[in-house]
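We did not get these values from a lab; they are worked out from the coordinates using the rules stated. Just so it is clear, the model here is predicted, and its values are computed rather than measured. Cβ sites come from the backbone with ideal geometry, for glycine too, and all protein chains shown count toward neighbours.
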Amino acid sequence: MISSVCVSSFRGRKSGSKPPSKSCLKGDMGRNEESDKIVINVGGIRHETYRSTLKTLPGTRLSWLTEPDAFSNFDYDPKTDEFFFDRHPSVFAYVLNYYRTGKLHCPADVCGPLFEEELAFWGIDETDVEACCWMNYRQHRDAEEALDSFESPEPEPEEDGDLKRLCLQEDSNRKLGWWKKLQPKLWALFEDPYSSKAARYVAFASLFFILISITTFCLETHEAFNHLVNRTETVTTGNVTNVVEDVEIETEAFLTYVEGMCVIWFTFEFLMRILFCPDKKEFIKNTLNIIDFVAILPFYLEVGLSGLSSKAAKDVLGFLRVVRFVRILRIFKLTRHFIGLRVLGHTLRASTNEFLLLIIFLALGVLIFATMIYYAERIGADPEDITGSKHTTFKNIPIGFWWAVVTMTTLGYGDMYPATWSGMLVGALCALSGVLTIAMPVPVIVNNFGMYYSLAMAKQKLPKKKNKHIPRAPQPGSPNYCKPDIKSPQRSSQGDSCPLAQEEIIEINRAGRPSAVGKGPRLKLLQNSVEIADGQRLLMVQ
């Protein structure tokens, strides 16, 4: 708009008078544009936009820059007339473009979790991401979750993260208790085969006993290791005493001894793992641990009840012999030692939707082709045959379900086959449909397996992160010492007058204003040094 002085002079001029000077118009327009524009420096890259653009998303961090007191609440440089944020510059370009166009796109060359952190900092909801970029945005997060699933079971040192960030020096001479030192080592010894050489030896021993146990389980069913034993039992009924002969199948004793040795090892391993587990609740909820317990329990029950002669004890023993098959579940213990089996488990869980889709496709095909083959086989039936099923094995539709499943999966056992030309045509269509049906979801499952396998290999080859060096706090009188300025009007999350001595946490609240908040009493602003037990002094500020 033109200033009031120029407008009044323009309206009050006579027809022959001169119009307002160009310098006056340019000066007024320039002053108005300069007041409406705002410069934001993000990571050293200057971005210039209009204040009206930032007001399109109220309640966000950028919209706060348009408020009158923004100069005191943020890192503002009056010399360059710009606000500074030490954030990712390329991501900010997409954020600023969201204010301009109303569409939030995710950069393809930026990791999803990083983009999520930037959105959280600027106060933008991740659900605003456009549909075309949502899969790319979720892909990185899914990969990060998959990497977390392959984390080493060795727990991290139980040190407070907030105290690490706020304390500039820790007591290096402080000694942990023997239990705190021993627990993570023994837990990793039995849980993580890659943690040390001793853990590998334990893993090899566990693998050896697993294979021996499974081999023993299979040999117990062979006739060469079983023989019939005649047992006699005296039964007294009233005044009558009868001798009852019973024939039982008895397994070779050495197989029982071998199984007992394996169970002793599994029991020792289970007790050590549950004793040194850092989280007992999570240990109990784990499926593999439940399998371990279920596979061990029947052996002890069978040994404990074998000496009893009551009928109830014999019934329980008979039931325990039936449930011996749970010992085969020990094969799942191999997932702790072979990364490929863990990858397979993650793939099956991640491909649940694809498997469900495959089952639905097969179920529809089985129902359709079982019905078609039933009626197709009756086209060429003998007219004198009332049932129309003497010449074919497809007596009814339910029995055709088996044939349809075998044909669609291209197995073809040959126990059932069409005998008429119409039935052969239906069989050909059934086989072709099965090939196409199974081929559709399989590539997705294969891609999931490839992704999880590559992530697992990357996790194994990823070097362990070293502990970050926390510099010693500058002492009073040193050149690097700086006193925190409590009265400073600048409240920014990017820079401080003494970055080694203070850390500010900014809470993002889209409905409110930026505020410096703490995470508990340890983050309370301390203006003076705090003396800890060992005599060292730590400067802690918010």
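Table for the structure above
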| read-out | value |
| --- | --- |
| Highest average packing first - 296-305, 276-285, Cβ atoms within 10 Å | 296-305, 276-285 |
| Residue-span extension gain [SER196 to TYR413] - 0.36 nm each, minus C-alpha spacing | 73.1 nm |
| Extension gain (nm, one decimal) between CYS111 and TRP402, 0.36 nm per residue minus Cα-Cα | 99.9 nm |
| Distance between modelled label sites at ASN289 and THR127, nm, 7 Å Cα→Cβ extension | 3.6 |
| Sorted by Cβ density within 10 Å, fewest first, the residues HIS88, HIS105, HIS227 | HIS227, HIS105, HIS88 |
| About the Cα centre, charge dipole magnitude for segment 27-149 (Lys/Arg +1, Asp/Glu -1 at Cβ), debye | 360 |
